[in-house]
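Here is the structure we will look at, set down as C-alpha coordinates.
The values are calculated or read from the model by the stated rules, or taken from the named source; none is laboratory data. Treat the numbers as computed from the prediction; the structure is a model and nothing was measured. Cβ: placed from backbone, ideal geometry, glycine included. Neighbour counts: every protein chain shown. When the accessible area is computed, the model is the full protein with side chains, heavy atoms only, and any ligands, DNA or RNA have been set aside. Shrake-Rupley method; radii C 1.70, N 1.55, O 1.52, S 1.80 Å.
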Amino acid sequence: MPSPPDSCLFCRLVAEGDHVHAADGFVAIRDINPIAETHLLVLPERHVDTFREIEEFPDEEMGRMLRFVADTAAAAGLEDYKVLVNVGEGGGQTIFHLHWHVLGGRFDGGKLARALDLETAR
(Lines give C-alpha, C1' and ligand atoms only; values in the text may rest on other atoms or scores of the structure.)
Protein backbone atom coordinates (compact mmCIF):
# COMPACT_ATOMS: atom_id res chain seq x y z
CA MET A 1 0.00 0.00 0.00
CA PRO A 2 1.17 3.58 -0.62
CA SER A 3 3.16 5.21 2.13
CA PRO A 4 3.62 8.91 2.84
CA PRO A 5 6.82 10.46 1.50
CA ASP A 6 8.25 10.98 5.01
CA SER A 7 8.33 7.20 5.54
CA CYS A 8 9.19 6.23 1.95
CA LEU A 9 12.35 4.13 1.54
CA PHE A 10 12.96 5.45 -1.98
CA CYS A 11 12.59 9.08 -0.87
CA ARG A 12 15.36 8.38 1.66
CA LEU A 13 17.50 6.70 -1.02
CA VAL A 14 17.01 9.68 -3.34
CA ALA A 15 18.30 11.93 -0.55
CA GLU A 16 21.09 9.75 0.85
CA GLY A 17 21.55 6.64 -1.28
CA ASP A 18 24.59 5.41 -3.18
CA HIS A 19 23.75 6.92 -6.57
CA VAL A 20 25.38 5.38 -9.64
CA HIS A 21 23.94 8.10 -11.89
CA ALA A 22 22.19 11.39 -11.19
CA ALA A 23 20.72 14.34 -13.05
CA ASP A 24 18.42 17.18 -12.13
CA GLY A 25 15.38 15.55 -10.52
CA PHE A 26 16.41 11.88 -10.92
CA VAL A 27 18.84 9.34 -9.50
CA ALA A 28 19.79 5.74 -10.24
CA ILE A 29 20.83 3.16 -7.66
CA ARG A 30 21.70 -0.54 -7.75
CA ASP A 31 18.86 -2.89 -6.82
CA ILE A 32 19.66 -4.73 -3.58
CA ASN A 33 18.04 -7.91 -4.91
CA PRO A 34 19.15 -7.99 -8.55
CA ILE A 35 17.54 -10.28 -11.10
CA ALA A 36 20.09 -9.49 -13.81
CA GLU A 37 23.84 -8.83 -14.08
CA THR A 38 22.99 -5.15 -14.22
CA HIS A 39 19.87 -4.16 -12.28
CA LEU A 40 19.43 -0.48 -11.64
CA LEU A 41 16.49 1.47 -10.28
CA VAL A 42 15.70 4.92 -11.64
CA LEU A 43 13.96 7.09 -9.08
CA PRO A 44 12.44 10.52 -9.56
CA GLU A 45 13.15 12.89 -6.67
CA ARG A 46 9.49 13.84 -6.67
CA HIS A 47 7.40 11.33 -4.70
CA VAL A 48 4.65 9.87 -6.85
CA ASP A 49 3.25 6.54 -5.67
CA THR A 50 2.85 4.73 -8.96
CA PHE A 51 2.98 5.02 -12.75
CA ARG A 52 -0.81 5.47 -12.68
CA GLU A 53 -0.10 8.99 -11.41
CA ILE A 54 2.33 9.90 -14.22
CA GLU A 55 0.20 12.98 -14.99
CA GLU A 56 1.67 14.49 -11.78
CA PHE A 57 4.75 15.22 -13.90
CA PRO A 58 4.65 18.06 -16.44
CA ASP A 59 5.32 16.88 -20.01
CA GLU A 60 8.84 18.33 -19.98
CA GLU A 61 9.70 16.46 -16.77
CA MET A 62 8.27 13.19 -18.16
CA GLY A 63 10.50 13.59 -21.20
CA ARG A 64 13.54 14.23 -19.01
CA MET A 65 12.65 11.15 -16.95
CA LEU A 66 12.56 8.90 -20.02
CA ARG A 67 15.82 10.37 -21.31
CA PHE A 68 17.36 9.76 -17.88
CA VAL A 69 16.30 6.09 -18.01
CA ALA A 70 18.06 5.76 -21.40
CA ASP A 71 21.10 7.74 -20.19
CA THR A 72 21.35 5.50 -17.12
CA ALA A 73 21.48 2.39 -19.32
CA ALA A 74 24.12 4.01 -21.54
CA ALA A 75 26.18 5.10 -18.51
CA ALA A 76 26.09 1.47 -17.30
CA GLY A 77 27.48 0.36 -20.68
CA LEU A 78 24.26 -1.31 -21.78
CA GLU A 79 23.27 -1.40 -25.45
CA ASP A 80 20.57 -4.07 -25.12
CA TYR A 81 18.44 -4.06 -21.99
CA LYS A 82 14.93 -4.22 -20.54
CA VAL A 83 13.03 -1.41 -18.84
CA LEU A 84 10.33 -2.55 -16.44
CA VAL A 85 7.77 -0.62 -14.39
CA ASN A 86 5.58 -2.48 -11.90
CA VAL A 87 2.26 -0.70 -11.43
CA GLY A 88 0.23 -1.40 -8.29
CA GLU A 89 0.25 -4.41 -6.00
CA GLY A 90 -1.29 -6.65 -8.66
CA GLY A 91 1.49 -5.62 -11.04
CA GLY A 92 4.21 -6.57 -8.56
CA GLN A 93 4.93 -3.12 -7.11
CA THR A 94 6.17 -3.45 -3.53
CA ILE A 95 7.53 0.05 -2.89
CA PHE A 96 5.11 2.83 -3.68
CA HIS A 97 7.42 5.43 -5.15
CA LEU A 98 7.44 5.41 -8.95
CA HIS A 99 10.59 3.70 -10.21
CA TRP A 100 11.94 2.08 -13.34
CA HIS A 101 13.99 -1.12 -13.40
CA VAL A 102 16.82 -1.10 -15.95
CA LEU A 103 17.91 -4.71 -16.53
CA GLY A 104 20.87 -5.77 -18.64
CA GLY A 105 23.19 -8.70 -19.15
CA ARG A 106 22.45 -12.24 -18.04
CA PHE A 107 19.18 -12.77 -16.15
CA ASP A 108 18.48 -15.10 -13.24
CA GLY A 109 15.57 -16.95 -14.90
CA GLY A 110 13.91 -17.96 -11.63
CA LYS A 111 14.07 -14.48 -10.13
CA LEU A 112 12.93 -12.91 -13.39
CA ALA A 113 9.98 -15.30 -13.63
CA ARG A 114 8.99 -14.55 -10.04
CA ALA A 115 9.43 -10.82 -10.63
CA LEU A 116 7.14 -11.00 -13.63
CA ASP A 117 4.83 -13.44 -11.81
CA LEU A 118 5.29 -16.10 -14.48
CA GLU A 119 5.89 -19.82 -14.23
CA THR A 120 9.53 -20.73 -14.66
CA ALA A 121 10.16 -22.08 -18.16
CA ARG A 122 11.09 -25.76 -18.21
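Helical content of the chain, expressed as a calculated mean residue ellipticity at 222 nm, amounts to -8000 deg cm²/dmol (DSSP H runs of 4 or more residues, -39,500 (n - 2.57) each, divided by residue number, nearest 500).
Loop-located GluC sites (Glu not before Pro) in the stretch 40-115 (DSSP state not H, G, I, E or B) with no more than 15 neighbouring Cβ atoms inside 10 Å: E45, E79.
Placing a pseudo-label 7 Å from each Cα along the Cα-to-Cβ vector at E55 and D6 gives an inter-label distance of 2.9 nm.
With 0.36 nm allotted per residue and the present C-alpha distance subtracted, the D80-A113 stretch has 10.0 nm of extension available. Calculated accessible area for the chain comes out at 60 Å² per residue, all protein chains present (probe 1.4 Å; ligands, DNA, RNA ignored).
Per residue, the convex hull spanned by the Cα atoms of the chain measures out at 104 cubic angstrom.
Computed packing ranks the peptides 94-104, 18-28 as 94-104, 18-28, most packed first, by mean other Cβ atoms within 10 Å. Of the accessible area of the chain, computed with a 1.4 Å probe over protein heavy atoms only, carbon and sulfur atoms account for 50 percent.
Placing unit charges on each Cβ (+1 for Lys and Arg, -1 for Asp and Glu) gives the chain a dipole about its Cα centre, and among A113, I54, G25 the Cα reaching farthest toward its positive end belongs to A113.
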